[in-house]
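Input: a single structure, listed below in structure tokens.
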Amino acid sequence: MFDFAVFSTLFVTLFVIMDPPGIIPIFLALSSGRPAKVQRKMAWQAATVAFCVIAVFGLFGEQILGRLHITPPALMIAGGLLLLLVALSLLTGKSEQPTQTKDVNVALVPLGMPLLAGPGAIVSVILAVQHADGFSGEVSVWAAIVAIHVVLYLVMRFSLVIIRVIKDGGVVLVTRLAGMMLSALAVQQIINGVMQVVHGG
């Protein structure tokens, strides 16, 4: 009833792509200056939004992309461009002026999507669902999806402790570092998408 090999393979794949440890500095940068209650809400919203997006694409991803004539490389390039815009806002400090509307938007975009539920994770889930063998395979795939989102929530939830330790000055430093890392990730994602287009052509 449960295929541990399928579970572990998809869980490790999503762990590498969604990178729970790597999301900590970005979450700290985007949630700085907000009350603890709002930060906890952001962690929950981001994980929930990411799960919903992944679940939708897991169930209907092949049909959605096929109907819209969207290829996986195009999805990767678009996600990379969006991440690059977020990275530039972190580097320039524009994300440090929080408002109530922005609290909600940050949890949805970019945290929920595309940072967590990005093109790489979406494509991986679509392929895993397609190759799931029987009921046990499907159960293992969805168990891995649920497990990685629980990990993501816990990481963001308890990263709030770090905020209290490093104070405002540390958050500013983390914000700049997060912007640099995210910009590199965005450029790499765009390169990967372009390379897939070139090789596919």
TODO: With all protein chains present, calculate the accessible area of Val146 using a 1.4 Å probe and round the result to the nearest 10 Å².
DONE: 70 Å²
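Considering Cα pairs under 8 angstrom that are at least six residues apart, work out the relative contact order of the chain and quote it in whole percent. Intermediate results must be reported in sequence, preceding the final value.
Values: 231 pairs, mean separation 95.7, N = 201.
Reported as a whole number, the value is 48 percent.
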TODO: With a 1.4 Å probe and every protein chain left in place, tell me how much accessible area Arg164 has, in Å² to the nearest 10.
DONE: 130 Å²
Task: Length added when fully stretched, Lys37-Gln188, from 0.36 nm per residue minus Cα-Cα - done: 50.9 nm
TODO: Mind pulling the angle between the C-alpha long axis of helix 36-68 and the longest principal axis of the chain? Nearest 10 degrees, somewhere in 0 to 90.
DONE: 30 degrees
Open item on the list: Run the paramagnetic zone check for Glu138: 7 angstrom along Cα to Cβ, then residues of segment 44-60 with backbone nitrogen under 14 Å.
Closed with: 58-60
Open item on the list: Students often get this wrong, so try it: which of (1) 10.2; (2) 11.6; (3) 15.4 is mean projected area of the Cα convex hull in nm² as calculated from the structure shown?
Closed with: (2)
TODO: Starting from the Cα of Leu81, step 7 Å along the direction of its Cβ; do the same at Phe15; then give the gap between the two resulting points in nm.
DONE: 3.4 nm
Open item on the list: To the nearest 20 Debye, how big is the dipole of the chain about its Cα centre, given +1 on the beta carbon of each Lys and Arg and -1 on that of each Asp and Glu?
Closed with: 840 debye
Task: Listed peptides 107-117, 82-92 by packing density, highest first (mean Cβ within 10 Å) - done: 107-117, 82-92
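The values are calculated or read from the model by the stated rules, or taken from the named source; none is laboratory data. As the structure is a computational prediction, the values presented were derived from the model and not from experiment. As a convention, Cβ positions derive from the backbone with ideal geometry for all residues, glycine included, and neighbour counts pool all protein chains shown. These area figures cover heavy atoms from the full protein model, side chains too; ligands, DNA and RNA do not enter into them. Shrake-Rupley method; radii C 1.70, N 1.55, O 1.52, S 1.80 Å.
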